[in-house]
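Here is the structure we will look at, set down as structure tokens.
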2 protein chains.
Amino acid sequence: MNDKIYSLVIVGYGGMGSQHGRKLENVSRIKVTGVFDIKEARQEAARAQGYKIYEDYQAVLDDPSVDIVLIATPNDSHHPITIQALNAGKHVICEKPAMMNSQEVEEVMSASAQTGNVFMVHQNRRWDEDYLAIKKLVDENVLGEVFHVESRVHGSRGIPGDWRHDLNRGGGMLLDWGVHLFDRLLLLFPQKVTSVYAKLSYILGHEVDDGIKVFLTFEGGRTALVEVGTTNFIALPLWYVTGLNGTAMIEDWDMNGKVATWDQADTKDAVPIVAGAGLTKTMAPRSESTVTETPVPRIECDVRDFYYNFVDTIEGTADRIVKNEEVLRIMTLMEAVFESDRTGQVVHLNL
Amino acid sequence: MNDKIYSLVIVGYGGMGSQHGRKLENVSRIKVTGVFDIKEARQEAARAQGYKIYEDYQAVLDDPSVDIVLIATPNDSHHPITIQALNAGKHVICEKPAMMNSQEVEEVMSASAQTGNVFMVHQNRRWDEDYLAIKKLVDENVLGEVFHVESRVHGSRGIPGDWRHDLNRGGGMLLDWGVHLFDRLLLLFPQKVTSVYAKLSYILGHEVDDGIKVFLTFEGGRTALVEVGTTNFIALPLWYVTGLNGTAMIEDWDMNGKVATWDQADTKDAVPIVAGAGLTKTMAPRSESTVTETPVPRIECDVRDFYYNFVDTIEGTADRIVKNEEVLRIMTLMEAVFESDRTGQVVHLNL
């Protein structure tokens, strides 16, 4: 058994960079040895953790003791930093969104192939319990044939006050949160995406989008709504999934929600109910005996699996969890989202 | 003061027709005197109410004592029945959807103008308390500038088992429920509709749609999502409305829901929260002191106002509540919805 401990340097020691540092304390195969960050306060914070502080990025690349570069800088810098690291013989863990566009992803994939060094994107929200619970319900066919999924995050604080406001740095909610929601959606629905209709919002007056609403269709007819909002004072559910025999809803990260499944043919015709100023038979609830409500399934998972899988990928002992082809597909999809919003048209694809 | 009591004959004494009969018992200016229905069981039921039973529709038209014809037959028959009634000197109350297409509405509007007889569509869901509460919140600017509205009804019983399954009779959920939701949406947002993207569902295998998802944009940038579902075992809220300073949600016809408004600038930067497998600052909740949650406002209204307004319209003493131009606009919008679904494209309009 290989017991090499890989030395990792964090480039960009902000919120995400320092969070990686904390998580890696409990990952036996990787040791954080250093940090490079241009901000003095962050250098201070890193020094307090006992990390070596690099003067410039070239010094990281030149250090033969460094095996892995972890990139947690603003989005526009991921591409050059990654390319340089791969060419300097380092493996790369990169924060999401991987790159600014699909061409950059392709260039990085080439560099990774040419150098033999591993490039993997930290799509950490594949380990969210809410997503894993929905994936389990879909995979186990608990709702019958699923035909529609809604995946959303709603906040009311606008965009955080830093580079995420800047278009040139890769700001905006599509790149920030959309990338997660699309990543997971494409794992839930393996079919090809055939069309995208998107409306980005610019309510807060920034140059970047402060929210997205994207309607997708898949080969075979499944549909999805993906939504990110930063001006929503009441949050709609994280997940809403409908199948022929049931519906699942997860309201929040505390896993509030329910699964409603239909047990048997409800042979009695509906009795109209009073609804507002009218009667409705169509919208009358089913009798309780035919629908069972259960809590959302709880899933155990370990976010450290990402790092262990990265080591296994370096050593060639396991299939990688986050594939670069998946990252390329998400980036291509997000380009279609931008295009649909810009043109006001549906973008048809075979993705 | 005019105290003429108008004689009304119900044509089509099914669920809606008989409901009109019951409501009109408490409307002093209109008396239901007769019924025409081709089904014997319904003739029996009408006879038991003391109504005169007409042998055929021509007999209704020929009866000089009849002032008003109320049409509650399947949708495809509204047009010929209405034209005949107007030409026979009768005023007409017509169930929704008024007609099968906008051309039929235009023909009826012409006939009404030529004969001087009143034609009014029973858009009864303008009196729904949930709609009236949302209208009040929007009109009184409680949420600040509103930029997005979602209006939906979710059931899980499929389409009721009668002519509503038939395409040629005007079945399907767009015509049945969509017509209400669009009617109210266009009253909430007075701006012109500039684009429509629609996806109808045919999950249950009927020749008519069993659900709709329609995304609209309005001049000035407001957006709306209108949704009808008949395969939803968990219902999403009837209303979800977001403005710059707040959000309102009404969950169901019992008026469960809340209004969340933002009182003051929340000057403190957000503290990241743990959300699933990651941290988020963007989606961290606002501190409680800056957001106030209140119940949904309750509205008193009287569904009989429709009938009294119909009488006032005949007598020329009030502005009509349901205008035929509005009905024409909804029908034109629904044609765009069908077109968008059929072509898979966005339909651009200036409606």
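Note on region B:6-122: Lys pairs 8 or more places apart or on different chains, Cα atoms under 15 Å apart, count 4. Using a probe of 1.4 Å on the protein chains alone, the accessible area found for B:ASP263 is around 90 Å². Normalised per residue, the accessible area of the protein assembly as shown is 40 Å², obtained with a 1.4 Å probe and no contribution from ligands, DNA or RNA. Given R₀ = 25 Å, FRET efficiency for B:ASN87-B:LYS31 by Cβ-Cβ distance, to 0.05? The computed FRET efficiency comes out at 0.60. Of the residues B:THR294, B:THR217, B:THR332, the one that moves most in a GNM of chain B with alpha-carbon contacts below 10 Å is B:THR294. Shape class of region B:11-98 from the alpha-carbon gyration tensor: rounded, with the ratio a/c of largest to smallest axis under 1.5.
Pairing chains B and A buries close to 5900 square angstrom of accessible surface in total, based on protein heavy atoms and a 1.4 angstrom probe.
When B:GLU207 is represented by a point 7 angstrom out along its Cα-to-C-beta vector, the spacings to that point in the other copies are 5.6 nm, nearest first.
Judged by the mean number of other Cβ atoms found within 10 Å, the most tightly packed of the peptides B:17-23, A:146-152 leads the ranking A:146-152, B:17-23.
Extents of chain A, taken as max minus min of Cα coordinates on every principal axis and listed largest first, are 76, 50, 39 Å.
When the helices of the protein assembly as shown are scored as -39500 (n - 2.57) per DSSP H run of n ≥ 4 and the total is divided over every residue, the value at 222 nm lands at -9000 deg cm²/dmol. Distance between the 7 Å Cα→Cβ label points at B:ARG298 and B:ASP56: 5.3 nm. Ligands, DNA and RNA excluded, the heavy atoms of A:TRP262 present near 80 Å² of accessible surface to a 1.4 Å solvent probe.
Per-residue mean of foreign Cβ neighbours for B:202-210 is 1 (Cβ atoms of other chains, 10 Å radius). In order along region B:147-162, phi translates into HN-Hα couplings of 10, 8, 10, 10, 10, 8, 9, 10, x, 10, 9, x, 8, x, x, 8 Hz, rounded to whole numbers, per the Karplus curve 6.51 cos²θ - 1.76 cosθ + 1.60 with θ = phi - 60° and x for Gly and Pro.
For chain A, the longest principal axis of the C-alpha atoms and the axis of helix A:15-24 are separated by about 80°.
Springs between alpha-carbon atoms under 10 Å, Gaussian network over chain A: tell me which of A:ASN245, A:ASN117, A:ASN75 tops the mean-square fluctuations. Judging by the Gaussian network model, the answer is A:ASN245. For A:ILE273, the residues 5 or more places off, or on other chains, whose built amide H falls under 5 Å of its own are A:THR280, A:LYS281, A:ALA284.
Comparing A:MET99, A:MET109, A:MET120 in a Gaussian network model of chain A (Cα springs below 10 Å), the most mobile by mean-square fluctuation is A:MET109.
To the nearest 10, the accessible area of B:VAL32 is 20 Å² with a 1.4 Å probe. Across the protein chains, with a 1.4 Å probe defining accessible surface, the residues B:VAL337, A:VAL291 rank A:VAL291, B:VAL337 from largest area downward.
Accessible surface of region B:6-122, 1.4 Å probe: 47 percent of it comes from carbon and sulfur atoms. In units of the compact-protein estimate 2.2 N^0.38 Å, the protein assembly as shown shows a Cα radius of gyration of 1.12.
The values are calculated or read from the model by the stated rules, or taken from the named source; none is laboratory data. Predicted model, so just to flag it, every value in this text is computed and none were measured. Here the Cβ is made from the backbone with ideal geometry for all residues, glycine too, and neighbour counts use every protein chain on show. Note: areas computed on protein heavy atoms with side chains; ligands, DNA, RNA excluded. Shrake-Rupley method; radii C 1.70, N 1.55, O 1.52, S 1.80 Å.
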